Amino acid sequence: MKVKLITGRSLQQGASKEVGKLSEEYFNNVAICELDPSDMEALNISPGQNIVLKTKFGEVVLKAVKSAQAPHKGIVFIPYGPWANLVVDPETHGSGMPSFKGIEAEVFPAKKEDKILTLKEVLEKISGGK
Amino acid sequence: MEKIINNVVCTVCGCCCDDLEVKVKDGKIVEVKNACAVSLSKFQNYNGKERIVKPLIKENGEFKECDLKEAIEKASKILAEAKYPLIYGLSLTSTEAIGKAVELAEALGGVIDNTTSVCHGPSLIGVHDVGLVTCTLGEVKNRADLIIYWGSNPIFSHPRHLTRYTVFSRGKFRRERGERKLVVVDVRKTATAKLADIFIQVTPNQDYELISALRMAVKGEEIYLNEVAGVPTSKIEELADLMISCEFGILFFGLGLTMSLGKSRNIDAALSLVRDLNERTKFLIMPMRGHYNVTGANEVIAWQTGYPFAVDFSQGYPRYNPGETTTIELLTRGECDAALIVGSDPIAHFPVSAVKHLMKIPVITIDPHRSATTLISTVVIPTVITGIEAEGTVYRMDGVPLECKKLVEPPLGLKSDEEIINEILVNVKKLKE
Amino acid sequence: MSEILIKNGFVFDPLNNINGEKMDIFIKDGKIVEKVSSKAKVIDASNMVVMPGGVDIHSHIAGSKVNAGRVLRPEDHVKDFEVKTKVTRSGVGYSVPSTFTTGYRYAKMGYTTVFEPATPPLKTRHTHEELRDIPIIDKGCFALLGNNWFIMEYLKEDKLEECAAYVSWLLNAIKGYAIKIVNPGGTEAWGWGKGISHLDEEVPYFNVTPKEIVRWLCKINNILNLPHPIHVHTNNLGKPGNYVTTIETMDAVKDLSKNGEASIHVTHVQFNGFAGTSWLNLASGAPEIADYINKNAHVEIDIGQVTFSDTTTMTADGPFQYILYLLSREKWVNADVEAETGAGVVPFRYKKSNYVNAIQWGIGLELALLVKDPWKIHMTTDHPNGGPFTHYPKVIAWLMSKKAREKTLNKINKNAKRRLDLPGIDREYTLYEIAIITRAATAKSLGLKNKGHLGVGADADVAIYNLNYKSLDPSKDYKLIKKAFKQTAYTIKDGEIVAKNGEIIASSKGKIYWVNSKVAEDIQESMLNNLKMKFEEYYTVKMENYIINESYLHKSFMLNVQSEV
Amino acid sequence: MSGLILTLKKELKVPLDASIISPTNLAGKTMDEVKNLELWEGNKKVKINEIFHVEGENKEEDLTIKLVGDFSKARGLGFKMSGGKLVIEGNAGLRLGEKMKGGLIKVSGNAGSWVGSEMTGGIIEIEGDAGDFIGAGYRGGRRGMRGGKIIVKGDCGVEAGAWMINGIIKVYGNAGIFPGIHMKGGTIFIKGNCEGRAGAEMKDGKIVILGFLPSVLPSFDIDDIKDSVKVEEEKISGPFYLFTGDLNEDGIGKLYVSINSNPQLKFWEEFLERVI
């Protein structure tokens, strides 16, 4: 399904980053993707299931979460963090600021074998240059 | 032995709430009153399992603990030998430490940038072209009858903003919620939007078009299109009338404007809209600054160099050009050969293209806690936590400066950011001679 | 500490009636002394002019609105920068210099003391942080009180003593030096997007008038025995015909002069000296204002000279800055401060060819030349409003040389030239008079006993200019004057040579002056008890966090003043 | 060829301030003088011959300098040049031809952002793509290029001709958003597509777009339909919609958009009839 990707702050991301950037709490609150209920239906995925999000800039596996800030059909939200950065648009248009919001993306239900990367795996993936 | 410390300044977000009540027992914080969820989490966890207490140096891929002297010397050597080092972060520390960092950047002939680059940098670029018609938050509390949040979700990002400063606050001329109107413009019906009298859902990346139409409506020009950015023209005109007819209005804008298509020009347009409204009524605008001292970093860097962020000292004097001297571009173009990161986690928050280069060059990180960035660093220097274990000056999002307090003693042997940066500076000056 | 002997200079020290006498000056441990040992370092000042270090009574060098100006104008900095040296930090100019550059450039010109004239109390912690980063010169700041909610409410309720106690508490709390009044009541009205246009107009919701506010604070200034009179930026600044408001404001405190001293300092009067009814027929109100000052002992002024340049205007007069924006349609910063004041910043280019700008230039000089007693005049450009402080040498040349004035008069807008009295004024300032309006009178007005003179016990702040007084005819050699005042041969600060031939050779920390005002404890206490509740209602910070710890002043100089309550 | 040839000795790792390299600045200098000129590589001062092989001759008044290598990290090539030729075989970095007054700059590869920033005369030709802010100005200065010509054969980034006052920008490929933002005068011609927001906040001047433009800002008014439009001496045939704006800035700028490439703009015609 074609969607627009928004990344941003969330209360849980804010609180859990204070627990620790390497903590499980942080992982659980950041390696997620908030979707509009109707979109989840259309994709036929239920909360807790994994999804794959693809953009021009990369792809990432995330846990699907039913958005508490719906309706926003066709818009998905990922909290700031290492997972979001695998798919955001680095283009700054000479402003110093990458494009963290409104990125063209595609969402699919994850296959069994796609699992959510740990932070270490994310860093390896990046340094591996994939 | 137990004591209550009152009027504590919170060092989490740009609200810098200064009414926290902290109970300290046997040198430990046991209770915090008036704090929001994020603040509470900070007080509960600041000294938890992620805390670093010993300096670390990476040798063939493995971290080994070392003493502060060794870490400082290693860091100084890396930085002094670099042809184009970068100092980045500086929004989670005191202005005193930031001032020292500017001096270090000058001594190194490097670039100093703070996290403004990736939050409200575009806002400052907009200000360079248009100006900024603003006020302190107390003006809003005392006078505002129209409050607009655009691309900002304070309930999550600045949890006490509405209660302390805006819709739910109690001021001299506005006593209760009923005397104020709340408008929220966002791409999603956010937690803040749910509290709004009027919610306007804008199509992602079309804020500029919407502001453009709003400016037309405010000027009384006819808008030919039936709909702009997914918003019916009638609704745009309704909002324009509301803005013109209010007694004192304010527009708070967040990263929804600075990060989406148009960046600094979205802000340019918003600043112009508010400026023009002053021909009709009193209207002001304010960026929702994120970290508790990101504003302070801009202030210090500006008074010492003339420019608010992204300052290049490579030729012995301050030069500035966002897009050229900003961190993301420097890293993406692969132009820095060493980096000092102070209280920030770029590895977790930068796009892959920038992270890749940071992973290629020696990185020194000064941080109280482990993070994605400490993981890839060559040298990690632990530090005390400003606002809890050390005092220091911070600037609220509206530029009101506050002194935060030292509440408890830091873990043994840890020094403050200011002290650490100063020791590196002293070393670097020796090495440069 | 070292000893210095300044030999054979032509000394100008008006406070000690020394007018160009060839004599020696002795320095020991940072003070002027009667003699020094043979070990003293000797500076040969023969054929040079020796003056006390310059004292600037009104220059916007630090604080939130100055920094807003810096952030607003990268294009202003990029054309004027300073590279770091062994002893100096790098920085930028031009009209809003960075902090380090500000200190160095003042020191190079022989200025050693400068006062920031407009700090919003709530943001004064910021002002002190910047003052701390301005090297070499001594500093202090004036607190903006002319639109303060508590003061207006005390006034409405006629609680003079309690209000005096409040002002005393506030000055201590923020480490301020004097009472500054900007567009009394008008900036508060601007909080609603409105303005105030005459002295008897009521401030919305507070029901007091500008005239009442000025008189009230003047009385409090007297009660507290503050070292400097109320420092007033009048209403209607920058509006045609405002010279009337200026004279009315002066006259409002005529009866409040204490033992013949000035009861009011009216600042940058050029901006308040407009005659005429519109921009088209704008004229100089300087003759009328000068005439009033010549007839009345209770008034002193600084001129706020326009120097024709691209600059950055900044005041706490929010509504005026908005008018300026409407005229220029360029960039505009506004920054209202809760319960206290406001501020505005607008870039502005003064052009010789522009009628209004040319008239403004004339008003400033006419004021300085038509007021007979130089002790009532202070030389300023209201930096950076009329032009950057680095333009002072130009102003000195204009004051000392009719020829220099004529040279500029021939370049300015012809109609303006025709309408000004300036062409007909022959007076030329002497060096002695220049010393008065740039250090002696200013130090005296600020109540700085150890500044502005070279008598024994004075601070060893000395400016030595490369100017052969005997062979000099300032009237003809105004170019030499300009050159000499641009950079000293030597600037000595607290007994240390800090600048030599325009080079900074040593950098030091300057003192921060503030008044420690004392009132009876019982009055203070009852005031504080009443204040607390309202404070929390009006402000968004706690009272405790409003108070600025003395540790912010790296070199604190506390002036104790005992009040009459 | 005659003139100087500067060949890069090594790959640039940190920014090189190349603003001293211009025909105007090097003309009349002996080879030795040229080789010993200093420039900044990061925070280190280096001599030209530490970075370049310098060959050729430096005789004529009207000097030609050929640069060979990848100059993506070089800043300010051709800074303030007032004559002669600067030929870059490879890519050029940021601020190419900044404050240029005259002469010719040719780039065989791509160029970075701020090409011809604040230029007043001369010609810059880019065979490849150019970055953002071509012909724009310095932050906060509110003054873009005031004369001269910039030709980009490939694509350009955002804000081409921001704050432009006079002169000509021609982009044969596609353009990013905000061409002509805050424009006060001069001409911008875009042969390919434009990502949008053309002429935003413009006060005056002319923008011509031959390709696709997703939408026209609500702050523009449709004025007319034109068969053709003149760009310099060249007559570009349309037909074009002629919009004026930006009304938010009381602008009278002219925005010509090809009718054939933009059927999605047809609905504007209805308002056109209302105007006439």
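The values are calculated or read from the model by the stated rules, or taken from the named source; none is laboratory data. Just so you know, these numbers come straight off a predicted model, no measurement behind them. FYI the Cβ positions are ideal-geometry reconstructions off the backbone, even for glycines, and counts take in every protein chain you see.
Here are the numbers for the structure shown:
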item	result
Members of segment A:79-130 that are in a helix (DSSP H, G or I) and out of contact with any Leu (no Cβ under 9 Å at 6 or more places or on another chain)	A:Asn85, A:Glu121, A:Ser127
Residue list for segment B:141-195, restricted to those being of a type in the set (S, T, N, Q) and under 24 Å from B:Ala35 (Cβ atoms)	B:Ser152, B:Asn153, B:Ser157, B:Thr163, B:Thr166, B:Ser169, B:Thr190, B:Thr192
Looking only at segment C:512-544, and only at residues there that are within 14 Å of another protein chain (Cβ to nearest Cβ) and of a type in the set (Lys, Arg), the one that is surrounded by the most Cβ atoms within 10 Å (Cβ to Cβ)	C:Lys542
Pair list, Cβ < 6 Å and 6+ apart or interchain, from segment D:150-166 residues that are without any contact (Cβ under 8 Å) to a residue 24 or more places away in the chain to residues that are among the hydroxyl-bearing types (Ser, Thr, Tyr)	none
Any hit, segment B:210-230, residues being in contact with a Gly (Cβ under 9 Å, 6 or more places away or on another chain), at negative phi and within 14 Å of chain A (Cβ to nearest Cβ)	yes
Subset of segment C:77-95 [closer than 25 Å to C:Tyr325 by Cα and more than 8 Å from chain B (Cβ to nearest Cβ)]	C:Lys79, C:Asp80, C:Gly93, C:Tyr94, C:Ser95
Residue check for B:Thr383: farther than 23 Å from B:Ser76 by Cβ, touching a helix residue (DSSP H, G or I) at 6+ places or on another chain (Cβ under 6 Å) and polar (S, T, N, Q)	no
Every residue from segment B:307-333 that is part of a loop (DSSP other than H, G, I, E, B), under 19 Å from the mean Cα position of the chain (by Cα) and touching a residue at least 12 places away in the same chain (Cβ under 8 Å)	B:Tyr307, B:Pro308, B:Phe309, B:Ala310, B:Pro322, B:Thr325, B:Thr326
Which numbered condition C:Ile523 fails, given (1) in a helix (DSSP H, G or I); (2) among the β-branched types (Val, Ile, Thr); (3) closer than 15 Å to C:Val49 by Cβ	(3)
Identity of the residue in segment C:5-60, assigned to a strand (DSSP E or B), touching a residue at least 40 places away in the same chain (Cβ under 8 Å) and of a type in the set (Asp, Glu), that ends up surrounded by the fewest Cβ atoms within 10 Å (Cβ to Cβ)	C:Asp13
Residue in segment C:482-501 that is buried (at least 20 other Cβ atoms within 10 Å of the Cβ), on the phi > 0 side of the Ramachandran plot, more than 14 Å from chain B (Cβ to nearest Cβ) and within 23 Å of the chain's Cα centre (by Cα) present	yes
Residues being assigned to a helix (DSSP H, G or I) and more than 9 Å from chain A (Cβ to nearest Cβ) - total across segment B:351-380	2
Members of segment A:71-92 that are more than 7 Å from chain B (Cβ to nearest Cβ), of a type outside the set (A, V, I, L, M, F, W, C), in contact with a helix residue (DSSP H, G or I) (Cβ under 9 Å, 6 or more places away or on another chain) and within 24 Å of B:Pro122 (Cα to Cα)	A:Pro79
Flag for D:Lys80 being more than 14 Å from chain B (Cβ to nearest Cβ) and part of a loop (DSSP other than H, G, I, E, B)	yes
Pairs with Cβ under 9 Å, 6+ apart, first in segment B:31-47 and free of Cβ contacts under 8 Å to residues at least 60 places away in the same chain, second β-branched (Val, Ile, Thr) and in a helix (DSSP H, G or I)	B:Ser41/A:Val19; B:Gln44/A:Val19; B:Asn45/A:Val19
Which listed residue is on the phi > 0 side of the Ramachandran plot, at pLDDT 95 or above and facing another protein chain (nearest Cβ under 8 Å), from B:Asn34, B:Asn7	B:Asn7
Unique match (being touching a residue at least 24 places away in the same chain (Cβ under 8 Å), surrounded by fewer than 23 Cβ atoms within 10 Å (Cβ to Cβ) and in contact with a helix residue (DSSP H, G or I) (Cβ under 6 Å, 6 or more places away or on another chain)) among D:Ile65, D:Ile123, D:Ile48	D:Ile48
Strands (runs of 3 or more DSSP E) contained in segment B:39-124 and holding at least 1 residues closer than 21 Å to B:Thr325 by Cβ and either within 14 Å of chain D (Cβ to nearest Cβ) or in contact with a Pro (Cβ under 6 Å, 6 or more places away or on another chain) (or both)	B:85-89, B:111-114
Answer from B:Gly61, B:Gly27 - the residue that is more than 30 Å from B:His158 (Cα to Cα) and more than 22 Å from the chain's Cα centre (by Cα)	B:Gly61
Subset of segment A:34-70 (residues that are closer than 25 Å to B:Ile376 by Cβ, surrounded by 22 or more Cβ atoms within 10 Å (Cβ to Cβ) and more than 12 Å from chain B (Cβ to nearest Cβ))	A:Leu53, A:Leu62
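Residues checked against (1) in a loop (DSSP other than H, G, I, E, B); (2) under 30 Å from D:Gln264 (Cα atoms):
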residue: B:Gly178; (1), (2): no, no
residue: B:Leu182; (1), (2): no, no
residue: B:Val185; (1), (2): no, yes
residue: B:Arg188; (1), (2): yes, yes
residue: B:Ala191; (1), (2): yes, no
residue: B:Pro204; (1), (2): yes, yes
residue: B:Ile223; (1), (2): yes, yes
